Amino acid sequence: MTTVSVLIADDHQLVRDTLAHYLDADAGFRVTTAESLPGALAAIGAHGAFDVVLLDVAMPGMDGLAGVERAVAANAGGAVVLLSGSARQGFVTDAMARGARGFIPKTLPARTLIGALRMVASGKVYLPVTLMAGTEAAPEPLSSLTAQERRVLARLCEGKSNKEIARDMGLSEVTIKTHMRAICTKLGARNRTHAAMIATPYMTA
């Protein structure tokens with residue numbers, strides 16, 4: 001298993017210690033911590049680019065999107081993911097347009113966190129289903145989808161099979177297949193894999 005280097009940048013020691021404990025318990029992670037944006041930038045300067053930087057959006061020195069841009073520039077070659085107890089979909093979208101690779105809520109279960117970090121480290125984007133399926137307007141062409149279709153698509157982009165999506169959503173596999181056909185038609189996709197390829201760039205637009 002490839003070791004993933006992670007920088008946890010958060011001004012709350014409890015958050016840093018808790019996340020570091022979860023990740024240290026998994027032999028596949030090497031964790032460094034920082035309590036401010038200047039501290040995070042110094043850590044990156046000393047270590048080189050981390051595979052993933054978890055960036056608290058409200059810690060000292062951030063200054064909103066300006067801090068995101070500085071972290072992304074400093075960690076070139078690695079990924080920067082927003083870390084927050086709550087974040088507006090619009091802010092996340094703007095941050096991703098500036099190079100962030102997604103958003104991880106502080107309420108994410110430990111097992112899901114580990115999977116999300118490995119996903120981002122492999123070059124993919126991570127967004128929680130609740131954010132992707134939010135009520136704010138979706139970018140084109142996702143705006144043509146219903147809320148339920150967006151929930152299905154979010155899980156598809158996480159790499160889940162129709163059976164897994166059906167189980168997650170408490171629906172039948174036949175219903176999920178019906179949603180998939182509608183999604184493919186609206187996105188002009190040849191199949192479910194093509195639909196995921198079409199949708200993924202709009203998750204970072």
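The values are calculated or read from the model by the stated rules, or taken from the named source; none is laboratory data. Note that the coordinates shown come from a computational prediction; the quantities given were computed from them, not determined experimentally. No Cβ is skipped: glycine too gets one built from the backbone with ideal geometry, and neighbour counts run over all protein chains shown.
All conditions in (1) part of a loop (DSSP other than H, G, I, E, B); (2) buried (at least 18 other Cβ atoms within 10 Å of the Cβ) hold for Arg190, with the sole exception of (2).
The rows are residues; the columns are (1) under 14 Å from Ala9 (Cβ atoms); (2) assigned by TED's automatic domain parsing to the domain that holds Asp10; (3) without any contact (Cβ under 8 Å) to a residue 24 or more places away in the chain.
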position: Ala40; (1), (2), (3): yes, yes, no
position: Gly45; (1), (2), (3): yes, yes, no
position: Phe50; (1), (2), (3): yes, yes, no
position: Leu54; (1), (2), (3): yes, yes, no
position: Met62; (1), (2), (3): yes, yes, no
position: Ala71; (1), (2), (3): yes, yes, no
position: Leu83; (1), (2), (3): yes, yes, no
position: Val92; (1), (2), (3): no, yes, no
position: Arg111; (1), (2), (3): no, yes, yes
